[in-house]
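Okay, structure first, notes after.
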Amino acid sequence: MSDTQSRLDLPPRTGPQGPLTGVRVLDLSAYIAGPYGCSLLADQGAEVIKIEPPAGDNLRKYPSTLPTESRAFLGVNRSKYGVMLDLKQPEQLAALLELVQGADVLVHNFRPSVPPRLGIGYEELAAINPRLIYCAVTGYGETGPLAEKAGYDQVLQTMSGMCVEQGKRGGPPDVIYGSVVDYYASALVAAGVASALYERGKSGVGQYVGISLLRAALTMQSARLVWAEGEPREISRDMRSGGVTGIHPTRAGHLYISANTPHFWQTLCEKTGLGDLAANQRYDSVKKRAAHAREIIPRLHAALKARSALEWEAWFGDEVPCAAARNIADMFDHPQVEAEAMIADFEHPVAGRYRGLTRPIKFGRTPGPAPFTAPTLGQHTAQILAGVSGASRRKHPAE
C-alpha cells in the first residue's frame with residue numbers, strides 16, 4: 001500500500017481479509033458491466049472508490065419501486081465508497097489524478113475517444129502511475145467502424161445473434177432479460193483485472209485491460225461460433241437439445257426438466273409412470289427423443305398433471321435434474337440459498353434496511369470482509385479528498 005493510500009480516512013471494512021485486500025480500485029464506470037465488475041473486486045477485499053459526476057450514475061435514475069434509490073444501483077454497487085467529481089473542472093480532475101497516484105486499478109466505460117479528451121487516457125495515467133491496471137469497458141472494442149458507438153446489453157444481444165437464437169423456431173427474435181451480457185462482461189472485468197494484478201506482481205508494471213460487450217456477447221456463444229470448412233452459412237447453431245428438455249406445465253405451476261443422459265431419462269420415465277418410453281429404442285438417445293418429441297411430449301404432459309411443480313420437484317429429488325419455476329422473491333428464503341449464506345442484511349442511509357446478495361465466490365482461507373451498502377451520491381467525498389493535498393480539493397462543492 002502506497003503513502004497516498006494510507007492517508008485516506010475511510011470507514012474500515014469489517015471481517016476477515018480477502019485475496020485482494022490492500023488493492024485500491026477507482027471505479028469511474030456507470031450502468032452494470034463496469035460497476036458490478038468492481039463490486040466483485042470489492043467482494044474479494046479490494047477498496048473500491050466509486051467516482052461519479054455531479055449528475056450521478058445514470059443507473060440511479062432507473063425506474064424502481066423503491067421510493068428513494070434505484071434497486072438496480074443498490075444491486076450492482078455494493079461495498080464501495082462514493083466520491084463526486086466533475087472531471088471537466090481542472091481542480092477536480094487534479095484530485096482524480098492525485099488519487100490515481102495511489103491506486104492499483106482504474107475502471108471506466110467511456111467510449112475510446114473520451115478518456116484522452118478528459119486527460120485520463122491510458123498513456124497519461126500510466127505516466128503518473130506505471131503500476132496502474134487500466135481497465136476500459138467499451139461497447140465494441142477499441143478499434144473498428146463501431147468503436148465510437150454507444151453499446152448496451154440488449155443492443156449487443158440483438159446484434160450478435162442471441163435474440164434470434166432465443167426466439168422460438170420460426171418466430172421473431174426475443175431479448176434475454178436480466179442484462180446477461182452486462183453481467184458476463186462484469187465477470188470478465190473482475191477476471192481480467194485479477195490476472196493483470198497477478199502479472200504485475202511478477203513484472204512490477206501495470207497494463208491496459210480491454211473488455212467489450214461485443215466480446216462478452218460472442219464469448220457467451222463460443223459453442224455456436226464454430227464454422228467447419230465446407231459447411232453452408234445457413235445451418236442450425238442452436239444449443240438447445242430439444243425434446244424432453246425444457247419447461248413443462250404441471251397441475252399447478254411449471255417445471256423445468258433436463259433428462260439428457262440415459263440414466264436420467266430412465267429415471268424420469270419410471271417416476272412418471274412412463275416406463276414403456278424408456279424401453280422403446282425409438283427414444284434411446286437425446287437426438288431420437290428430439291426427433292420424436294411430438295410423440296413423447298403429450299404423454300409427458302398428461303403424466304405431469306398428476307402433481308404440482310413443487311410436488312414433482314420433491315418427488316424427483318436428486319434423481320432427475322429439475323426445478324419448479326419460481327419468482328425471484330422466493331430465493332431470499334430458499335433453504336439452499338440460506339445454507340450457502342448468499343443473502344446479507346444491509347443498512348442504507350436513505351433506502352433503509354434491505355436484504356441483498358453477498359459475496360458470490362468462496363475462498364477458504366481469505367473469505368473477504370463483510371459487504372456493505374452502495375454509497376449515496378458523493379457520500380465519502382469529503383473524507384477521501386481530505387487525503388488529497390493542495391489546490392485540487394479547495395473548491396470542491398462537497399467541502
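Here are the numbers:
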quantity: Ratio Rg/Rh [Cα only; Rh per Kirkwood] for region 185-231; calculated: 1.18
quantity: Among G18, P321, G141 the positive-end extreme of the charge dipole of the chain (Cβ point charges); calculated: P321
quantity: Residues Q336 and A386, FRET efficiency given R0 of 56 Å [Cβ-Cβ distance, rounded to 0.05]; calculated: 0.80
quantity: Calculated FRET efficiency for the pair Q89/L225, C-beta based, R₀ 35 Å, to 0.05; calculated: 0.20
quantity: Chymotrypsin sites (Phe, Trp or Tyr not before Pro) restricted to DSSP loop in region 156-240 with at most 14 other C-beta within 10 Å; calculated: Y177, W227
quantity: Additional length obtainable on full extension of the chain from S236 to W315, 0.36 nm per residue less Cα span; calculated: 24.9 nm
quantity: Taking R251, R60, R169, R24 and counting other C-beta atoms within 10 Å, the order from fewest to most; calculated: R169, R251, R60, R24
quantity: Principal axis box of the chain, alpha-carbon based, largest edge first, Å; calculated: 82, 52, 42
quantity: V205 paired with L146, simple spin-label distance in nm, labels 7 Å along Cα-to-beta-carbon; calculated: 3.3 nm
quantity: GNM top mover of L26, L357, L106 - the chain, alpha-carbon springs below 10 Å; calculated: L357
quantity: Burial ordering of C322, C163, C135, fewest other beta-carbon atoms within 10 Å first; calculated: C163, C322, C135
quantity: Region 254-324: mean projected area of Cα convex hull, nm²; calculated: 4.1 nm²
quantity: The chain: most fluctuating residue of A293, A228, A72 per GNM, C-alpha cutoff 10 Å; calculated: A228
quantity: Selection from L274, H292, Y256, by position along the positive dipole direction of region 254-324 (Cβ); calculated: H292
quantity: Kyte-Doolittle at least -1.0, axis length at least 24 Å by Cα - qualifying DSSP helices, the chain; calculated: 180-203
quantity: For I247, I32, order by how many other beta-carbon atoms lie within 10 Å, fewest first; calculated: I247, I32
quantity: Most mobile listed residue (R78, R355, R233) in the chain, GNM with C-alpha springs under 10 Å; calculated: R233
quantity: Local electrostatic count at G18 - Lys and Arg +1, Asp and Glu -1, tallied over other residues with Cβ under 12 Å; calculated: +2
quantity: Unsatisfied cross-links (Cα-Cα over 24 Å) in the set K50/K202; K61/K88; K88/K149; K168/K288; K61/K362; K50/K88; calculated: K50/K202; K61/K362
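Any read-out appearing in this document is the output of simple, stated calculations on the displayed coordinates, not a laboratory observation. Source: prediction; values computed, not measured. Glycine also receives a Cβ, built like all others from the backbone with ideal geometry; neighbour counts cover every protein chain displayed.
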